[in-house]
Amino acid sequence: MRYRKLGNTGLVVSELGFGTIPILRGRVPVLPQYYNPDTPTAVAIMKKAYDLGCNLYDTAIPEEYGDAQMKLGEFAATVDRKSIIISDKARFYSGADIYREVLRSIENLGTEPDIYFVHQVDDDCADEVFGRYGALDALYDLKREGKIGFTGIASHYYSVLYRAALDSRVDVLQGSGNILERGMLDRVREEKAFCEKGFILNKVYAAGLLIGPFSVPELIGGVLEYPFSSALLGIGTFEQADEAFAEEYDPVHFSFEEVVARLKERFEPVACDRCERCVCPFGHEIHTSFRQFNYYHLGKEFWAVNKLKMDLENTYRHCLSCTEHACMRECLRGLHMPEEIERVHELVRAWGKE
Ligand code: SF4
Ligand code: SF4
């Protein structure tokens with residue numbers, strides 16, 4: 001296992017970290033597969049990762065990750081607490097709410113988390129999170145009180161992560177990326193503001209969907225060139241822990257075109273890297289539709305179509321009649337949005353008829 005610095009925190013984290021979603025039990029609306037191990041088995045899986053050099057464990061409150069937080073607490077009690085780094089999170093945006101959730105997390109874990117993230121921050125809630133008496137102010141207070149080690153912002157949106165990178169109250173960022181959805185990672189690498197912060201990467205396997213077209217060594221090796229601190233891998237079995245942590249993977253360079261060509265052996269993907277440069281003046285988040293289209297073909301059919309249905313009709317109508325095409329001017333991949341959104345629309349229409 002190799003180790004990297006976690007920004008300016010002074011912590012050193014394993015290059016690959018343990019994502020705890022797959023060890024949860026309970027019915028919570030998460031995408032990746034989970035395996036329902038009982039607590040002793042889950043603790044033993046985490047211990048296996050520990051023995052293989054993993055020192056970063058990431059979880060969230062029970063409403064998001066079921067009983068994974070409690071299982072992580074049980075595991076933490078079996079090892080030297082200082083030898084692991086616990087990263088925790090909650091999807092609450094006001095200061096009062098997140099303060100309460102951190103105290104509840106400490107109870108569930110039986111120990112103070114080293115990093116605590118405001119989870120799933122998007123542009124709609126960002127002003128509340130970053131504003132006065134918002135969640136970030138509360139995390140900053142909790143850090144000064146010694147109840148958490150470091151503050152964090154977790155988001156799927158580059159705009160939010162960039163805002164967090166410029167904010168001196170934030171120590172660590174958590175964002176998503178993989179060899180296909182690499183646009184945000186490319187932007188983070190180019191932007192100096194991110195240098196000072198720790199960066200935890202998630203979705204390296206795209207919630208398991210890229211395993212199949214690509215092998216685990218390709219998926220891990222393919223992101224190693226990026227300047228993250230630790231890349232989280234969802235682990236739910238001993239075999240997965242072994243596969244993820246026993247080997248020291250070499251960096252593999254895949255061009256974006258090579259990744260798309262591999263996917264084309266299975267379906268015609270939308271060649272979008274999720275850089276999120278295509279800001280639509282009318283508020284349509286087309287890259288999310290493109291992602292769901294690709295996820296549909298990678299195996300998450302029902303889930304992806306249901307997500308797509310939410311705003312697709314509206315987006316489709318607007319894009320077809322749009323003359324502005326501001327989104328296309330920013331797209332370095334040269335996508336023609338109305339054509340691509342038409343393909344997405346056709347998929348959903350055909351699915352409805354089945
Ligand atoms: S084509 Fe027009 S409506 Fe559609 S996303 Fe682009 S700017 Fe927005
Ligand atoms: S459509 Fe183009 S600009 Fe938008 S996220 Fe995808 S690659 Fe980036």
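The values are calculated or read from the model by the stated rules, or taken from the named source; none is laboratory data. Not measured: the values here are computed from a predicted model. With ideal geometry, Cβ positions are generated from the backbone for all residues, glycine too; neighbour counts draw on all protein chains shown. What goes into the accessible areas is simple: the full protein's heavy atoms, side chains included, and nothing from ligands, DNA or RNA. Shrake-Rupley method; radii C 1.70, N 1.55, O 1.52, S 1.80 Å.
Figures for the structure shown
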| read-out | value |
| --- | --- |
| Residue that is farthest from Val12 (Cα to Cα), among those in the range 183-206 that are under 14 Å from the mean Cα position of the chain (by Cα) and open to solvent by 20 Å² or more (accessible area, probe 1.4 Å) | Tyr205 |
| Of all residues in the range 30-82 being closer than 19 Å to Asp114 by Cα and of a type in the set (Lys, Arg), the one that is most open to solvent (accessible area, probe 1.4 Å) | Lys82 |
| Subset of the range 1-26 [under 25 Å from Arg169 (Cβ atoms) and among the hydrophobic types (A, V, I, L, M, F, W, C)] | Leu6, Leu11, Val12, Val13 |
| The one condition in (1) part of a helix (DSSP H, G or I); (2) open to solvent by less than 50 Å² (accessible area, probe 1.4 Å) that Tyr226 fails to fulfil | (1) |
| Candidate set from the range 276-286 (those that are over 14 Å from Asn314 (Cα atoms) and touching a Cys at 6+ places or on another chain (Cβ under 8 Å)); member that is nearest to ligand 1 (Cβ to nearest atom) | Cys278 |
| Entirely in the range 61-171, the helices (runs of 4 or more DSSP H) that have 1 or more residues that are hydroxyl-bearing (Ser, Thr, Tyr) | 62-65, 95-109, 135-144, 158-165 |
| Filtered residues of the range 314-335 (kept if out of contact with any Cys (no Cβ under 8 Å at 6 or more places or on another chain) and either more than 9 Å from ligand 1 (Cβ to nearest atom) or assigned to a helix (DSSP H, G or I) (or both)) | Asn314, Thr315, Tyr316, Arg317, His318, Cys319, Leu320, Ser321, Arg329, Gly334 |
| Residue tally, condition out of contact with any Gly (no Cβ under 6 Å at 6 or more places or on another chain) and at positive phi, over the range 42-94 | 1 |
| Residues that are among the basic types (Lys, Arg), surrounded by fewer than 21 Cβ atoms within 10 Å (Cβ to Cβ) and either under 17 Å from Asp311 (Cβ atoms) or near ligand 2 (Cβ under 9 Å from one of its atoms) (or both), drawn from the range 255-296 | Arg277 |
| Pair list, Cβ < 7 Å and 6+ apart or interchain, from the range 267-284 residues that are at positive phi to residues that are near ligand 2 (Cβ under 8 Å from one of its atoms) and modelled with pLDDT under 95 | Arg274/His287; Glu276/His287 |
